[in-house]
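Only one structure is covered here, and it is reproduced in the block below.
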Amino acid sequence: MSLTDEYTLMLIKQYWEKPRAKAEIELQASTWERIADLLRDFETEYDLDFARGVQLDVLGKIVGVPRVVPAVLARITFGFDTNPNSMGFADRFNPLREGAPFSRRFEPAYTIQQLDDNQYRRLIRAKVALNVCSAYIASDERISIQDVINQAFDGRAYVVDNQNMSLTLYISPSVSLDELRLIRQLGLLPKPQGVRYSFVVLAEPGVTFGFDSNPNSLGFADRFDPTREGGIFARALING
């Protein structure tokens, strides 16, 4: 039964068969019902699991994560096909083939990124975890540094304590440089005070090249055996 129906049933007997009295109470109760529905749905609408659009923007503003992040995406300019951040000439006879403008001397190398709801929700979670995390790599009692890294990179990264006031972050090859730049730009790499990230290395167990003494590495591929996969070389993305 709706709130309007409940209030209508409260009419005293002398007004029960009065159409105008009934219409007035229905009008007033319908206004109260809209407020009641808003309050009833508030918990769900602003739950991080279900929030979307404007509601998610409100949650992001509360925790300090903007939806539009500056200087994240590499700007696409004219260049050769060996450069993943470039495009060639457009084709006037093929509208599906896009071109890119020439790079300008003082033009920024990176442009803004606007997060969709799923990206935004994950990074808001990472920010919330960052705000309450401990200073330990792993902890059974509190959210740890590794927990925040797992949330920020969706489980595709891990961090190692170098025991010299520095941390090394290992990320999967599936993490793009744009995504790494986004997370750094938002300040979502947790660390204790006075500690820094010395390296960010592109590597992943079972994917990276190495010797047979390392069970988590792969050797060279075999051009005559397509079933034998080779590993990719780990490389430092950020040093210091």
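Which one of Phe78, Val159, Ser176 is farthest out on the positive end of the charge dipole of the chain, using unit charges on Cβ (Lys, Arg +1; Asp, Glu -1) and the Cα centre as origin?
Going by the Cα projections, it comes out as Phe78.
Given charges of +1 on the Cβ of Lys and Arg and -1 on the Cβ of Asp and Glu, with all other atoms neutral, how large is the dipole of the range 32-80 about its Cα centre, in debye to the nearest 20?
Using only the charged Cβ atoms, the result is roughly 460 debye.
What is the chain's relative contact order, in percent, from Cα pairs under 8 angstrom and six or more apart in sequence? Mind showing how you got there, number by number?
Working: 355 pairs, mean separation 26.7, N = 240.
Here the relative contact order equals 11 percent.
Sort 88-101, 49-62 for me by packing, meaning the mean count of neighbouring Cβ atoms within 10 Å per residue, highest on top.
On the way: 88-101: 10.4, 49-62: 14.1.
So the peptides 88-101, 49-62, ranked by packing, come out 49-62, 88-101.
Where does the chain land at 222 nm, in deg cm²/dmol rounded to the nearest 500, when only DSSP H runs of n ≥ 4 count, each adding -39500 (n - 2.57), divided by all residues?
-10000 deg cm²/dmol
Might you report the magnitude of the Cβ-based charge dipole of the chain about its Cα centre, with Lys and Arg at +1 and Asp and Glu at -1, to the nearest 20 debye? Working shown, then result.
Working: 27 positive and 31 negative charges, 195 e Å.
Magnitude of the dipole: close to 940 debye.
Taking the DSSP beta bridges in the chain as the whole, what percent of them are antiparallel, to the nearest 5?
Among the beta bridges of the chain, antiparallel pairing accounts for roughly 60 percent.
Values in this text are rule-based calculations from the coordinates and carry no lab data. Just so it is clear, the structure is predicted and the values come from calculations on it, not from any experiment. We place every Cβ from the backbone using ideal geometry, glycine too, and count neighbours over all the protein chains shown.
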